[in-house]
Structure formats: C-alpha cells, structure tokens
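Rule-based calculations on the coordinates, nothing more; no lab input. All values derive from a computational prediction rather than experimental measurement. For neighbour counting, all protein chains shown are included, and Cβ atoms are generated from backbone atoms with ideal geometry for every residue, glycine included.
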Amino acid sequence: MATHALRNVAVLGATGSIGASALDVIARHPGRYRASVLAAGQSVDALIALCVAHRPDHAVIADEESYLRLRDGLADAGLPTQAHAGTPALDALVSGPECDTVVAAIVGAAGLSSTLAAARAGKRLLLANKESLVLAGELVTRAADASGTEIIPIDSEHNAIFQCLRSRQAQGDVSRIVLTASGGPFRGRRRDELAQVTREQAVAHPKWSMGPKISVDSATLMNKGLELIEAHHLFGVGRERLDVLVHPQSLVHSLVEFVDGSTLAQLGLPDMRTSLAVGLGWPERIASGVGGLDLLRHPRLEFEAPDTDAFPCLRLAWEAMAAGGTAPAVLNAANEVAVSAFLQGRIGFLSIPALVEDALAALPATPADSLDALLAADAQARRLTDRNLAGHLSP
Ligand code: NAD
Ligand code: MG
C-alpha cells in the first residue's frame with residue numbers, strides 16, 4: 001500500500017453541518033489527515049468541544065469579542081491549541097504553513113475572504129462556500145489558476161460533475177451540464193400555496209440535513225440558482241450549456257452530456273461525506289463512512305422540469321447570471337438579508353424572491369473586475385434590502 005504524508009487540514013465553518021461531515025471523514029483516516037486549524041463564527045463552546053475531540057494546533061473565532069472566552073476555554077481544557085480571532089487571523093492561517101488543505105465551509109459571503117486567501121496560497125481547496133463563487137467567481141478561479149490551487153467542489157452537484165469530467169474544466173466535447181435539484185420541501189405547490197409556509201416547514205428538507213440558510217435556499221430554489229452561477233465559474237461553461245432538472249429522490253447528483261450522445265452521472269446516497277472524501281483523497285478514493293447505493297431499494301428515479309412560476313428565485317438567478325458584472329453579487333446579498341429576516345420570523349416566504357427582484361431592479365449590473373467593486377455592490381444591496389424589509393414585515 002502506498003504511504004502518504006500526513007495532510008494538515010483547516011476546517012472553516014467547523015461547527016456547521018459541512019464542518020461536522022468533514023471532521024467525521026478526517027477522523028476515519030488518522031494517519032493520513034488531521035485537523036490542524038478549526039474556525040467558526042460565534043459558537044465558542046461548540047468550537048472548544050471540537051478542539052477537545054480533534055486537538056488542532058489553532059482555533060479561530062470570527063467574533064473578536066469572543067477571543068478571551070476561547071483562549072481561556074482552551075486553557076481550562078488543558079489543550080495546547082492556540083486561540084485566534086477575526087478574519088485577518090484566519091486568512092493568515094489559511095495562507096501559511098499551518099495547513100496544506102482547506103475545507104471552505106463558512107456560510108455566506110462571510111466566507112469570501114478566507115476562500116480567496118486559500119485560492120491565492122496554492123492549497124488544495126475543498127470549496128463548499130458557494131456564495132464566494134457567486135459573489136466573486138472570476139477572482140477566485142483566476143487566483144487559483146495563478147497559484148496552482150486545486151479547487152475541488154464540495155457542493156454535491158458540482159462534485160458529481162467534477163467526478164464525471166475528472167477535471168474542473170469542461171472541454172468542447174461537453175454539450176450540456178445538468179444540475180439536479182431535489183425540489184425542496186415545497187415541490188409541487190403553487191405560488192399562492194407558499195404565502196403562509198413557516199420557518200420550520202422551510203428548513204425541513206426532505207433528503208438532506210443542512211444548515212438553516214442553505215435549507216431555506218433549497219426551499220425557494222435559490223440554492224439551485226446559486227449553483228448555476230457556481231457551475232458557470234467552476235467549469236467554464238456559459239448558460240447555453242447549463243440546465244436544471246428536478247429529481248426528488250436526490251440519488252443522481254448531476255449529469256454531464258457529451259457531444260457523442262453519452263451522458264455520465266454520479267449517483268450515491270445523499271450524504272456530504274462522499275463529496276468531502278472525494279475532495280480529500282482525489283485522485284484516490286478513500287472511505288467516507290457512506291454505504292453504497294442499493295438501487296433495488298430505490299427502484300424509482302424521477303425527473304421533472306423546475307417550476308419557475310412558483311419558485312421565481314431560479315429565474316432571478318438565471319437573469320443575474322446573464323446580466324453578469326455586479327448582478328450575481330446583488331442577487332446573493334439581497335438573498336442573504338431576506339433569508340436571515342425570514343429565519344427570524346420577520347417576513348414571509350414569498351417576500352424572499354420579491355426582495356431579491358427589487359434589489360436586482362434597483363441596482364442594475366455594472367462591470368465588476370475588482371474585489372472592491374464587488375464588495376461595494378454587495379454592501380449596497382444589503383443596505384437597500386434592509387430598508388426594503390420595512391415594506392414586507394409580518395404582522
Ligand atoms: P451551517 O450554518 O451549518 O454552518 C456554517 C458555519 O460557518 C458554522 O461553523 C459557523 O460558525 C460558520 N460561520 C458563520 N459565519 C462565519 C464567519 N463570519 N466567520 C467564520 N465562520 C463563520 O452551514 P452549512 O450547511 O454547513 O453550509 C456551509 C456552506 O456550505 C454554505 O456556503 C453552504 O451553501 C455550503 N453547502 C452546504 C451543504 C450542506 O449539505 N450543508 C451542501 C452544499 C453546500
Ligand atoms: Mg448542492
């Protein structure tokens with residue numbers, strides 16, 4: 001058997017759903033991978049508990065006010081783990097010798113800075129944080145190409161496509177890439193039936209167990225819209241070669257059609273540990289803890305067209321992708337503000353697409369070739385959508 005140098009992995013968003021899956025796979029291969037850096041947003045206690053279990057060299061909390069609690073908690077637990085706080089500290093660890101592999105699993109545009117730092121540093125980048133690609137896909141992929149960073153997509157659809165292509169570049173022989181979508185908890189409902197749905201119903205995804213923001217995005221189909229833009233950047237394909245198909249069983253994770261009429265697909269149980277194991281081991285295969293797929297137990301694979309009337313977020317994402325420039329940044333920022341307000345019970349479900357549509361209409365796309373221009377569009381869309389919330393507040 002081949003021997004491997006021990007790889008030091010930074011898990012960003014360690015206390016989240018993807019973070020837990022990544023740490024599970026890492027712990028299955030103690031001689032081959034170790035978590036050397038763990039980072040989280042605000043949950044200090046959960047981060048300390050993970051440090052007790054995984055004994056990383058460094059722990060980073062985004063919230064600078066929590067630094068002392070983290071430092072003292074690590075010391076009280078008798079750990080040698082060094083405490084850090086804030087984005088600059090995280091970016092420095094991601095760029096430095098403290099890790100050679102980065103799992104980018106922070107939720108939202110908050111993950112952009114560390115994703116970019118990893119892309120510039122020539123690390124292996126297991127990219128789950130799709131929002132950073134929607135916001136600044138060209139900058140991230142350009143930085144990765146310049147530094148020799150290998151990006152392995154972790155989003156299950158993009159990981160499936162990556163496995164079918166065995167590469168991150170779709171060549172001219174690829175005629176179409178089809179992203180599958182579960183359809184979320186409200187598949188089959190009409191638009192007027194969605195007005196009263198609750199937070200609890202929206203986050204109860206039928207097939208995947210995920211963090212709250214992406215669960216709501218799956219319910220509105222914005223998740224698939226963000227994934228179209230993500231695929232566009234990752235695989236270098238325009239919208240004419242991209243398609244979406246609803247597949248309620250969530251067993252076929254995406255498909256690639258070639259010019260000779262062949263279609264390749266990747267199938268598996270809906271468990272993110274498969275994608276993470278692909279990312280860690282590639283081009284080798286390593287155990288993930290996920291069992292094989294017994295098709296006799298899942299004899300039915302169904303497909304249907306998405307309903308963009310009931311779920312306008314998918315259409316809005318297509319339009320933002322076509323408009324290009326700052327439009328995807330505006331789409332993403334308005335959506336983050338709207339989803340967070342929905343999760344707090346402040347607005348109804350149908351206000352999410354309405355607020356995104358208003359932001360796109362009010363802030364027409366301008367060319368965006370710098371990070372500053374994209375961050376300015378992001379900030380402007382957040383301010384605008386925050387103000388527009390007033391017109392949507394639930395009684
Ligand atoms: P989650 O809400 O479960 O976890 C988010 C993590 O990010 C937490 O550890 C949180 O502490 C951390 N975080 C939040 N803000 C931060 C900040 N400012 N700085 C540092 N850390 C911060 O979310 P999740 O479901 O694990 O999703 C993470 C990312 O992966 C998202 O971009 C999501 O779209 C993507 N993704 C998730 C899944 C899934 O199955 N969960 C599938 C595909 C893609
Ligand atoms: Mg996905």
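A compact table of results
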quantity	calculated
Spin-label proximity, Ser394 to the range 333-375 - amide N less than 13 Å from point 7 Å beyond Cα toward beta carbon	339-352
Additional length obtainable on full extension of the chain from Gln201 to Leu6, 0.36 nm per residue less Cα span	65.9 nm
Stretch gain in nm, segment Gln42-Glu193, where the contour uses 0.36 nm per residue and the Cα spacing is subtracted	50.8 nm
Distance in nm between pseudo-label sites at Asp100 and Asp76 (7 Å out along the Cβ direction from Cα)	3.7
Protection proxy ranking of 278-287, 12-21 - average other beta-carbon atoms within 10 Å, highest first	12-21, 278-287
Relative contact order, percent, the range 324-395 [alpha-carbon distance under 8 Å, six or more residues apart]	49
Approximate spin-label separation Ala27-Ala379, in nm, with each point projected 7 Å along Cα-to-Cβ	4.1
Segment Trp208-Glu284, extension gain: residue separation times 0.36 nm, minus the distance between their alpha carbons	24.8 nm
Residue among Asp100, Asp260, Asp369 with the largest mean-square fluctuation in a Gaussian network model of the chain, springs linking Cα atoms under 10 Å	Asp260
Of Ala329, Phe311, Ile26, farthest towards positive along the dipole that unit charges on Lys, Arg, Asp, Glu beta carbons give the chain	Ile26
CD proxy at 222 nm, helix term only [per DSSP H run n ≥ 4: -39500 (n - 2.57); per residue of the chain; nearest 500]	-13500 deg cm²/dmol
Two-site label geometry, Arg387 and Glu304: point separation in nm, points 7 Å out along Cα→Cβ	4.1
Using a Förster distance of 25 Å, the FRET efficiency for Thr263-Arg346 (Cβ separation, nearest 0.05)	0.05
Sites Arg55 and Gln171, calculated FRET efficiency, Cβ-Cβ separation with R0 41 Å, nearest 0.05	0.40
Cβ-placed point charges (K, R +1; D, E -1), dipole of the chain about Cα centre in debye, nearest 20	620
